[in-house]
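Asks: The structure follows.
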Amino acid sequence: MSSILNTHMKSILLACLIISIGQLSMGLVFPSLPWIAKDFNISLNETQLLVSVYLLGFGPSQFIYGPVSDALGRKKVLIFGLSIALLGIIFILIFQHSFQGIIFGRFLQGLGTGCCAVLARASTRDRFNGAELPVAMSYIAMAASITPMIAPVIGGFINYHFGWSIIFVSLFGYVVIALVVILVQFKETLTQISSIPSPVKIINQYWILLTSRYFISFASIGWLNFTLMITTVSVMPFIMQNQIGMSSAKYAVWALIPAIGMLLGTSICNHVRPKIGTKNMLLCTPVLHFVAAIWLFLVPLEPMYLMLGQGLMILGNGIALPCAQAMVMQPYKKQAGAAAAMSGGGQMIVSALVSMLLVKIGLNAVWHLSIVIVVFGVITVCNIYRGFSILEEQ
């Protein structure tokens with residue numbers, strides 16, 4: 001691990017910067033949703049569209065970015081995608097007095113930042129092989145997991161002191177700075193350039209992945225854990241601010257607890273996984289989730305108890321996401337872009353659809369979250385055992 005950090009620190013930091021763009025663009029908005037709902041006199045369910053449409057742009061776009069970057073190279077596609085993201089943010093700022101305008105801008109923003117998740121993972125797969133790959137991927141997964149947890153903390157402070165529109169101004173500045181860094185520092189990782197594959201060939205690549213029991217087993221672990229994290233992070237501000245009456249600034253402080261849980265989870269994964277193995281490390285996740293579910297079901301509606309329960313759940317997510325991502329990308333060298341797109345795009349589509357469904361059926365209480373956590377935990381256990389049984393057969 002130390003040799004990777006010493007030799008390839010720049011590559012890892014660039015990949016972390018790239019993947020943070022998409023995650024920050026999503027999570028920074030969460031604490032401001034209740035205030036946007038009040039300003040436009042709309043329901044909280046309607047405000048959730050700002051999350052859902054972003055994910056629906058972010059997720060499917062990855063299926064295009066992946067194969068295209070496998071052919072044309074990572075850097076060109078990355079610059080193109082970030083330019084679209086900037087256009088989306090500009091649209092939001094120009095039409096910030098129209099909720100429909102903000103929705104369109106969020107979709108466009110997600111459409112552009114979809115390149116980040118794909119190209120951070122694909123360029124890392126280009127650079128690393130063998131035992132180095134899981135370690136390098138774990139840092140990328142760590143950045144992808146921690147950013148959505150830290151983002152609401154930052155977003156809460158910005159919303160409280162400056163208003164929700166400044167959140168999008170901040171995002172614009174972050175993307176511009178990141179784009180400049182990428183233009184100067186990012187070196188192309190693809191050694192062979194080819195023509196863009198036909199739609200039929202692209203569909204065939206994804207069909208092979210979707211019909212691979214190995215790929216689906218480990219990818220779905222990441223999909224469900226990310227969905228659980230995003231659902232909890234997006235619902236908890238409403239519980240804390242509307243049911244307890246907490247300000248967005250105070251919520252931002254309390255949200256540090258689950259953010260710390262994510263940091264601890266990914267750190268534990270990096271240090272413990274080489275000693276006990278990936279399978280045993282992954283099995284820690286459902287155990288933590290079941291404990292968190294029982295805790296949230298029983299505790300009173302008070303900030304400390306709620307955040308400790310969420311922190312325990314996020315601790316499990318922090319363990320699962322790096323392990324699952326490393327297992328997903330390991331076999332795919334020549335199709336790194338397609339594999340990263342299928343993994344990341346599926347993650348966003350599943351999280352968008354499931355979160356919309358849960359909100360639609362009335363997920364607005366802590367005990368509701370407890371039930372969802374238990375169900376997802378059971379599915380995770382099944383996927384872990386299925387994935388490793390397939391690996392043993394190969």
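Asks: Since THR211 meets every condition but one in (1) more than 18 Å from MET142 (Cα to Cα); (2) touching a Lys or Arg at 6+ places or on another chain (Cβ under 8 Å), which condition does it not meet?
Replies: (2)
Asks: Across the stretch 193-241, what is the total count of residues that are in contact (Cβ under 8 Å) with a residue 40 or more places away in the chain and crowded, with 16+ Cβ neighbours inside 10 Å?
Replies: Within the stretch 193-241, residues that are in contact (Cβ under 8 Å) with a residue 40 or more places away in the chain and crowded, with 16+ Cβ neighbours inside 10 Å number 32.
Per-residue answers, yes or no, for (1) under 19 Å from the mean Cα position of the chain (by Cα); (2) without any contact (Cβ under 8 Å) to a residue 40 or more places away in the chain; (3) farther than 24 Å from ALA259 by Cβ:
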site	(1), (2), (3)
ILE92	no, no, yes
GLY101	no, yes, yes
MET137	yes, no, no
ILE140	yes, no, no
THR147	yes, no, no
GLY155	yes, no, no
ALA178	yes, no, no
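Asks: Does at least one position in the stretch 316-327 carry a residue that is of a type outside the set (D, E, K, R), surrounded by fewer than 24 Cβ atoms within 10 Å (Cβ to Cβ) and touching a residue at least 40 places away in the same chain (Cβ under 8 Å)?
Replies: Within the stretch 316-327, the subset of a type outside the set (D, E, K, R) is 316-327.
Now narrow it down to the ones that are surrounded by fewer than 24 Cβ atoms within 10 Å (Cβ to Cβ): 326.
Right, trim to touching a residue at least 40 places away in the same chain (Cβ under 8 Å) and you get 326.
Within the stretch 316-327, one or more residues are of a type outside the set (D, E, K, R), surrounded by fewer than 24 Cβ atoms within 10 Å (Cβ to Cβ) and touching a residue at least 40 places away in the same chain (Cβ under 8 Å).
Asks: When the residues of the stretch 370-384 are filtered to those that are within 19 Å of the chain's Cα centre (by Cα) and among the hydrophobic types (A, V, I, L, M, F, W, C), which remaining residue is surrounded by the most Cβ atoms within 10 Å (Cβ to Cβ)? Spell out the reasoning first.
Replies: Our first condition is that a residue be within 19 Å of the chain's Cα centre (by Cα); within the stretch 370-384, this holds for 372-373, 376-377, 380.
Retained after the next criterion (residues that are among the hydrophobic types (A, V, I, L, M, F, W, C)): 372-373, 376.
Values: VAL372: 18, ILE373: 29, PHE376: 22.
So the residue we want is ILE373.
Asks: Give the residues of the stretch 250-282 that are crowded, with 16+ Cβ neighbours inside 10 Å and outside any helix (DSSP H, G or I), sorted by residue number.
Replies: ALA255
Asks: Run LEU171 past the list (1) in contact (Cβ under 8 Å) with a residue 12 or more places away in the chain; (2) within 25 Å of ALA85 (Cα to Cα); (3) open to solvent by 60 Å² or more (accessible area, probe 1.4 Å); (4) aliphatic (A, V, I, L, M) and report the number of the one that doesn't hold.
Replies: So the condition that LEU171 fails would be (3).
Asks: Out of everything in the stretch 1-32 that is hydroxyl-bearing (Ser, Thr, Tyr) and at pLDDT below 80, what residue ends up being most open to solvent (accessible area, probe 1.4 Å)?
Replies: Initially, the stretch 1-32 is screened for residues hydroxyl-bearing (Ser, Thr, Tyr), giving 2-3, 7, 11, 20, 25, 32.
From what is left, the residues that are at pLDDT below 80 are 2-3, 7.
Working: SER2: 79, SER3: 64, THR7: 100 Å².
Out of the qualifying residues, it is THR7.
Asks: Which ones in the stretch 328-349 are open to solvent by 40 Å² or more (accessible area, probe 1.4 Å) and either of a type in the set (A, V, I, L, M) or over 10 Å from GLY66 (Cα atoms) (or both)? Break it down stepwise before answering.
Replies: Initial filter on the stretch 328-349 (open to solvent by 40 Å² or more (accessible area, probe 1.4 Å)): 330-331, 333-335, 349.
Within the stretch 328-349, GLN330, PRO331, LYS333, LYS334, ILE349 qualify.
Asks: Right, another one. Report, by residue number, each residue of the stretch 351-364 that is exposed (fewer than 14 other Cβ atoms within 10 Å of the Cβ) and small (Gly, Ala, Ser).
Replies: Residue satisfying the conditions is GLY362 alone.
Asks: Working only within the stretch 49-64, note down all residues that are open to solvent by 20 Å² or more (accessible area, probe 1.4 Å) and out of contact with any Phe, Trp or Tyr (no Cβ under 8 Å at 6 or more places or on another chain). I'd like the intermediate steps shown before the answer.
Replies: Start the filter on the stretch 49-64 by keeping residues that are open to solvent by 20 Å² or more (accessible area, probe 1.4 Å), which leaves 49, 53, 56, 60, 63-64.
Listed by number, the residues that qualify are LEU49, PRO60, ILE64.
The values are calculated or read from the model by the stated rules, or taken from the named source; none is laboratory data. Keep in mind the model is a prediction, meaning the values are calculated, not measured. Cβ atoms come from the backbone with ideal geometry, glycine included; neighbour counts cover every protein chain shown. Quick note on the areas: whole protein, heavy atoms, side chains included, nothing else; ligands and nucleic acids left out. Shrake-Rupley method; radii C 1.70, N 1.55, O 1.52, S 1.80 Å.
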